[in-house]
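In what follows, a single structure is set out as structure tokens and then discussed.
Quick note: the coordinates plus some simple rules give every number you see, no bench work behind them. Small disclaimer: the values here were computed from a predicted structure and weren't measured. Positions of Cβ are backbone-derived with ideal geometry, glycine not excepted, and every protein chain shown enters the neighbour counts.
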Amino acid sequence: MSSLQRVYVTRQIPPDGLKILQESGRVQFELWDSDDVPIPRAELLQKVNGVDALLCVLTEKIDAELLDAAGPNLKVLSTMSVGFDHLNLEELKKRGIRVGYTPDVLTDSVAELTVALLLATSRRLIEATHEAKTGGWGTWRTLWLCGHELANSTVGIFGLGRIGIAIAERLAPFKVKRFIYTDVVQRPELASQINAEFVSMDELAKQSDFLAMCCALTPETKEICNKDLFSKMKNTSIFINTSRGGVVNQEDLYEALSSGQIAGAGLDVTVPEPLPTSHPLFTLKNCVILPHIASASYTTRNVMSSLAANNLLLGLRGEPMIKELNL
Ligand code: DGY
């Protein structure tokens, strides 16, 4: 009988991570050999049976049903993501399963995309290219396709962590006047890196010209961006979400955008994902929607897959992972 530990990988992850697993000489792994379609739930429930470790991505819900299907051999779960709202941490903890994830390595890529999305939304780039391509470009016009600029603006960050800081660092050279943030607690050390001032949630809504969501999805942040928050925002402000779609009440966002309560929204994340093409948000010119690509650079995705593979192998060896969740 083979002494290799059994691993299931729920997606064809980028090559660097697969190579680490292959060359480890410690595991035999099977993988869902597609990046285009997630593994069907029924198949996943079968595949995990008896495995020692599981490497997943954010499309797999890791809950009691799945952990029961895996059985008692499962000791390590490694997710190739910084977000972990797809994991039931309580169930994992209860079963003594160690959990690895991939923070830090995607911060640059996510911050870069957030800035790109913010500019695309505030300067109406998607509308503009559409107009240019489809004959809407008449003469040069004085107020046509005008947007809102970062210079002299107030940028609000909801949830000040690594990513919020990295976004602010990239926005500062655009001559932003002021950074403000809100969070469950004040974070003076982090805030001092970008000269950000702590404000209440209400003040964040009221004062921000650009409001960037940088928090995790938790029961506390679920749909925290709702009618109440949007109603306090300026009608010139731009809302940006590259965290999780679940922090937004999308009906309320639609209402705020279509009524002119706020000027625009840039979303990299939605509920559900993919967002059906018939969704009302897609009908709005002032809403830019990306298909959850914030960390999608070749470099970052390969580093994420390597980190996920290394976390998994370290976990199986009973050693501290490089990035492990404290359950
Ligand atoms: C994550 O890792 O949680 C991002 O949403 C995708 O990279």
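Label T299 and K61 with points 7 Å out from Cα along Cα→Cβ: what is the distance between them in nm?
Label-label distance for T299 and K61, simple model: 3.7 nm.
Would you mind checking the tilt of helix 107-122 against the longest principal axis of the Cα atoms of the chain, expressed as 0 to 90 degrees and rounded to 10?
Approximately 30 degrees, to the nearest 10.
Is there a quick way to get the dipole size of the range 23-67? I mean about its Cα centre, with the Cβ of Lys and Arg at +1 and of Asp and Glu at -1; what is the value in debye to the nearest 20?
Around 160 debye, computed over the range 23-67.
Could you give the angle, 0 to 90 degrees to the nearest 10, between helix 298-316's Cα long axis and the longest principal axis of the Cα atoms of the chain?
The answer is roughly 40 degrees.
For a bin width of 5 Å, list the pair-distance distribution of the range 192-250 built from all Cα-Cα distances, rounded to whole %.
4, 18, 27, 28, 16, 6, 1
So how strong a dipole does the chain carry about its Cα centre when Lys and Arg Cβ are +1 and Asp and Glu Cβ are -1, to the nearest 20 debye?
Charge dipole, the chain, about its Cα centre: 460 debye, nearest 20.
Picking from L312, A212, L119, whose Cα lies most toward the positive end of the charge dipole for the chain (charges on Cβ: Lys, Arg +1; Asp, Glu -1)?
Ranked along the dipole, the leading option is L119.
About the Cα centre of the range 107-289, what is the dipole size in debye to 20, counting +1 per Lys and Arg Cβ and -1 per Asp and Glu Cβ, all else neutral?
520
Output needed: percent of Cα pairs per 10 Å distance bin for the range 14-103, bins running from 0 to the one holding the longest distance.
Using 10 Å bins, I get a P(r) of 15, 53, 31, 1 for the range 14-103.
Determine the distance separating the Cα centre of the range 299-318 from the Cα centre of the range 15-59; give it in Å without decimals.
Cα centroid of the range 299-318 versus Cα centroid of the range 15-59: 13 Å apart.
Based solely on its DSSP helices, what 222 nm [θ] is calculated for the chain when runs of n ≥ 4 H residues each add -39,500 (n - 2.57) and the sum is averaged over all residues, nearest 500 deg cm²/dmol?
After summing the helix terms and dividing by residue count, I get -10000 deg cm²/dmol.
Kindly provide the GluC sites (Glu not before Pro) of the range 251-327 that DSSP labels as loop, not H, G, I, E or B, and whose Cβ sees at most 16 other Cβ atoms within 10 Å.
The qualifying sites: there are none.
Which net charge results for the neighbourhood of T299, defined as the other residues with beta-carbon distances under 15 angstrom from its beta-carbon, given Lys and Arg at +1 and Asp and Glu at -1?
-3
Tell me the Rg and the Dmax, in Å, that the Cα atoms of the range 234-327 produce.
18.3, 56
Could you give the angle, 0 to 90 degrees to the nearest 10, between helix 162-171's Cα long axis and the longest principal axis of the Cα atoms of the chain?
Result, in degrees: 30.
Looking only at Cα atoms, what is the convex hull volume of the range 107-289 per residue, in Å³?
119
How many angstrom separate the Cα center of the range 155-231 from the Cα center of the range 72-127?
19
For the residues L45, L325, what sequence is obtained by ranking on other C-beta atoms within 10 Å, fewest first?
Ascending Cβ contact count within 10 Å gives the list L45, L325.
Using the Kirkwood radius over C-alpha pairs as Rh, can you work out the diffusion coefficient of the chain via Stokes-Einstein at 10 °C, viscosity 1.306 mPa s, in µm² per second?
75
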